[in-house]
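Quick notes on the structure that follows.
The values are calculated or read from the model by the stated rules, or taken from the named source; none is laboratory data. Everything numeric here is computed off the predicted structure, so don't read it as measured data. Note that each Cβ is placed from the backbone with ideal geometry, even for glycine, and that neighbours are counted across all protein chains shown.
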Amino acid sequence: MLRLTTFIALLCGLMVALALARDAVLSIDAFAEIGEEPAAAFHALPPTLQTRVKFHHIERAPRYDVMLLGNSRAAAVQSRDIELGGRSFFNLSIGGRYFRDQTAFFGELSALGKMPKVALIAVDRFDLYNDDEPIWPPYPRRWLVFGRDWLGCAAARACDAEDLATMMFRELRNSFREFRALLNFELLAAAWRLHVAAKSPAGRTKFDIEAGLPKDDPIDANNPHFGLGRHIVKGLFVADLEDIAKLSAAVGDVRVILFEMPILPAYHRILAETPYRDAPELRRLFLATCGRLRLECHPTEYVPPDQARRGWADTTHPFGDVLGPYVSRFLNAPGKP
């Protein structure tokens, strides 16, 4: 028994030491040192650590004029792609994540006093929309947020038993992944490579973010790729929109623009005729909730092909020269009164 207790204590001590070492290495403001085009080492990190690096930068930087919050489908956009008119810009998109994460990031910006003047929040096209529990804030705060969401959804009867079970499963899975990552020495090595890249120009292997986007095979509305294995907790989707409205109203001088992501032009037409299952219902819920909350929200739009553009990495991942002009129209249009 004593040996088991000693082993567990040593294991816990090792995990804490690795976590502290990793956080210390990542405490550098990598984006201030490297610039908008991050080093390859940044993209070797998992989403949780990429988020940590980006928030380290945001905490130290002056308040941004414009921020983009999304996932890999919005990650390619840089300041050169958007009509900013001299305004500062930062892309807070994290690949592999979901709308619930963007809501959590928005809340963290508010807590840090770093809310941008304009927040562009990308929502996956509803034929592709999926759900997960957010990866932010870090543990143990994340458990408190999860408890609030789970109990709140149950109390408001906005979630049924299947919704609540799905939420619990997702949070337990994410917690296990985070626990397992604490013993991943490769993540510490990746963090160190980013630290070196930020400190030394010689170590800055550039990462072509556009070339690094996922490459999916062509898909259509009958392909199970659309909405694969998804379970959307609609009560939380509405609650997240309500949180965004409350936070932006509390700050006062922030304009929030939510927009549904576009898709490759050929597939826009296919899905307009044969949408995936409940996509039209989700879009109606999105627009109706936005109208009730007086949020500025835009449904997906057709993007005409343009030979002058690089275009699309795949069916769902536009390059910056496609998505930049797409969001510029929303950004530079008059806001809601």
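Being of a type in the set (Gly, Ala, Ser) and within 21 Å of the chain's Cα centre (by Cα) is the filter here, so list the residues in the range 148-185 that pass it.
Ser175, Ala181 - these are the residues of the range 148-185 that are of a type in the set (Gly, Ala, Ser) and within 21 Å of the chain's Cα centre (by Cα).
Only one of (1) surrounded by fewer than 16 Cβ atoms within 10 Å (Cβ to Cβ); (2) in contact with a Gly (Cβ under 7 Å, 6 or more places away or on another chain) is not met by Arg294, so which one is it?
(2)
So, of the residues in the range 271-292 that are of a type outside the set (A, V, I, L, M, F, W, C) and assigned to a helix (DSSP H, G or I), which turns out to be nearest to the chain's Cα centre (by Cα)?
My answer is Arg283.
Name the pairs: first residue in the range 303-322 and part of a loop (DSSP other than H, G, I, E, B), second residue surrounded by 15 or more Cβ atoms within 10 Å (Cβ to Cβ) and basic (Lys, Arg), Cβ to Cβ under 8 Å, at least 6 apart or on different chains?
Here the result reads Thr316/Arg73; Thr316/Arg125; His317/Arg73; Phe319/Arg309, each pair linking the range 303-322 to a residue that is surrounded by 15 or more Cβ atoms within 10 Å (Cβ to Cβ) and basic (Lys, Arg).
Residue check: is Val322 crowded, with 18+ Cβ neighbours inside 10 Å and either touching a Leu at 6+ places or on another chain (Cβ under 7 Å) or of a type in the set (Asp, Glu) (or both)? Give the derivation first.
Working: crowded, with 18+ Cβ neighbours inside 10 Å: yes; either touching a Leu at 6+ places or on another chain (Cβ under 7 Å) or of a type in the set (Asp, Glu) (or both): no.
When the stated conditions are applied, Val322 does not pass them.
Can you find even one residue in the range 87-96 that is modelled with pLDDT under 90 and not in a helix (DSSP H, G or I)?
So far as the range 87-96 goes, yes, one or more of its residues are modelled with pLDDT under 90 and not in a helix (DSSP H, G or I).
Is it the case that Arg255 is under 16 Å from Phe126 (Cβ atoms) and either at pLDDT 90 or above or touching a Cys at 6+ places or on another chain (Cβ under 8 Å) (or both)?
Criteria not met by Arg255.
Could you tell me whether Arg73 is at pLDDT below 95 and out of contact with any strand residue (DSSP E or B) (no Cβ under 8 Å at 6 or more places or on another chain)?
no
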